[in-house]
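Remarks on the structure that follows.
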Amino acid sequence: MRRYQKEAIIRDLEKKMVFLAGPRQAGKTTLAKEISENYKKSVYLNYDRSADRKIILEESWLPDTDLLILDEIHKMDDWKNYLKGVYDTKEKNLRILVSGSARLEIFNEVGDSLAGRYFSHRLFPLSLSELTQCGYTPSIDRFLERGGFPEPYLAEEDIDARRWRLQYVDSLLRSDVLDFENINNVKAIRLLFDLLKERVGSPISSNSLAKDINISPHTVKKYINILEALYIVFKVSPFSKNIARSILKEPKIYFFDTGLVNHDKGIQFENFIALCLLKHVHYKIDYEAEKYSLQYLRTKEQKEVDFALVCDQKIESIFEVKYSNHTISKNLIYFKEKFDLPAYQIVKNLKHEKIDKDIKIVKCSNFLNNLSL
């Protein structure tokens, strides 16, 4: 299926290198190869393949190559300096697309800076808005059961989606994590992965997890950072600026694959909304150059709102997520009245939208279709 980033990436390739990052099997390689069809002499090289690795190390692609696609190049030692050298000495006609299943920005401290030489693009799982724009009739229930990765979501049979997930998780924990960093206690990171699935949407205590797994809090934080770097989970941190007593530091954890969440439908739905909001945030960052972030609100008195969209360190709007309850959240009312913030309650099963106490109670499908991808 056609992904919305394609035209933007082609435009950016005429100006700089393009970094395309995102979770494994989100469709990066498919998108890169579709982009290559716009060029006469493109070359796709994957650092994981020994034959391709040799070409990469020797820089032995042909001089008339007009698009060079380098996949998983971040696994190469000193990859940033390598790319800097290739980019600074390339033929004038050469465009460079770098893709990978890890957060390339986490390597900013390694080697020479690539600042000014690339544009970032992120490819996340499918969203309701993206599918609608591609001509599909998306199902939220299907998203909750199968997640938004293209292969399981579009699979004809449920069994094929389940088989995909088993292989996907095994590949992440047995291959990607170990390739990313030398982990001595594979059993511990697998146990952490399982515990995080059960604690989606709750503030995460490293000390509590450390006791459950019998490792140090420092190691818990390190393992979570690895899972985040590999686009397996993402953090939603608390917002505190100008919100009195909102000083809780513990993040909430969500999964890029909603189908992994071991909870009732309400928690799965919250994870799904979190991912859609995150995708919207990165759309704002990558394509509109706005400083957005996704956070949540919580006070010492345990008053909490699920999500806050933040732009330039100012809250733009706040959101409470409900599977079927149309009664307005008391906490949403509290933050709305105390800080005069635009507020929404997003409900999956809702017959009629309404505005009550200046809070918009909206159907999930309508809200997401109006969200920027």
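The values are calculated or read from the model by the stated rules, or taken from the named source; none is laboratory data. Only a predicted model underlies this, so the values are computations on that prediction, with no experimental measurement involved. All Cβ positions, even for glycine, are placed from backbone atoms using ideal geometry, and neighbour counts span all protein chains on display.
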Report yes if some residue within the stretch 66-74 is surrounded by 14 or more Cβ atoms within 10 Å (Cβ to Cβ), of a type in the set (D, E, K, R) and over 30 Å from SER372 (Cβ atoms); otherwise report no. yes
Residues of the stretch 132-154 being over 18 Å from LYS28 (Cα atoms) and either among the aromatic types (Phe, Trp, Tyr) or free of Cβ contacts under 8 Å to residues at least 60 places away in the same chain (or both), which ones? GLY135, TYR136, THR137, PRO138, SER139, ASP141, ARG142, PHE143
Whichever residue in the stretch 211-245 is surrounded by fewer than 20 Cβ atoms within 10 Å (Cβ to Cβ) and in contact with a Pro (Cβ under 7 Å, 6 or more places away or on another chain) and, among such residues, is modelled with the highest pLDDT: LYS235
What pairs come out if I take residues in the stretch 260-273 that are without any contact (Cβ under 8 Å) to a residue 60 or more places away in the chain and pair them with residues that are surrounded by fewer than 23 Cβ atoms within 10 Å (Cβ to Cβ) and not charged (D, E, K, R) whose C-beta lies under 7 Å away, six or more apart or interchain? GLY266/TYR323
Those helices (runs of 4 or more DSSP H) completely within the stretch 77-160 that have 1 or more residues that are small (Gly, Ala, Ser) are 79-89, 128-133
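The rows are residues; the columns are (1) modelled with pLDDT under 95; (2) over 25 Å from PRO138 (Cα atoms).
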{"residue": "LYS300", "(1), (2)": "yes, yes"}
{"residue": "VAL310", "(1), (2)": "no, yes"}
{"residue": "GLU320", "(1), (2)": "no, no"}
{"residue": "PHE339", "(1), (2)": "yes, yes"}
{"residue": "ILE346", "(1), (2)": "no, no"}
{"residue": "HIS352", "(1), (2)": "yes, no"}
{"residue": "ASN369", "(1), (2)": "yes, no"}
Members of the stretch 37-65 that are small (Gly, Ala, Ser) and surrounded by fewer than 18 Cβ atoms within 10 Å (Cβ to Cβ): SER50, ALA51, SER60
Taking into account only those residues within the stretch 351-366 that are buried (at least 20 other Cβ atoms within 10 Å of the Cβ) and without any contact (Cβ under 8 Å) to a residue 60 or more places away in the chain, which is farthest from the chain's Cα centre (by Cα)? ILE359
Scan ARG95, ARG122 and give me the residue that is closer than 30 Å to LEU371 by Cα, surrounded by 15 or more Cβ atoms within 10 Å (Cβ to Cβ) and basic (Lys, Arg). ARG122
Among the residues of the stretch 163-186, write down those that are touching a residue at least 24 places away in the same chain (Cβ under 8 Å), part of a helix (DSSP H, G or I) and polar (S, T, N, Q). SER171
Quick check: anything in the stretch 194-202 at pLDDT below 95, of a type in the set (A, V, I, L, M), crowded, with 17+ Cβ neighbours inside 10 Å and in a loop (DSSP other than H, G, I, E, B)? no
So LEU332 fits all but one of (1) in a strand (DSSP E or B); (2) modelled with pLDDT of 95 or more; what number is the exception? (1)
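For (1) in the same structural domain as ALA26 (by TED's automatic domain parsing); (2) hydroxyl-bearing (Ser, Thr, Tyr); (3) in contact with a helix residue (DSSP H, G or I) (Cβ under 9 Å, 6 or more places away or on another chain), each residue gets a yes or a no:
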| position | (1), (2), (3) |
| --- | --- |
| LYS40 | yes, no, no |
| ASP48 | yes, no, yes |
| LEU57 | yes, no, yes |
| SER60 | yes, yes, yes |
| MET76 | yes, no, yes |
| ASP88 | yes, no, no |
| LEU97 | yes, no, yes |
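Among the residues of the stretch 289-304, write down those that are more than 16 Å from LEU275 (Cα to Cα) and not hydroxyl-bearing (Ser, Thr, Tyr).
Answer for the stretch 289-304, where residues must be more than 16 Å from LEU275 (Cα to Cα) and not hydroxyl-bearing (Ser, Thr, Tyr): ALA289, GLU290, LYS291, LEU297, ARG298, LYS300, GLU301, GLN302, LYS303, GLU304.
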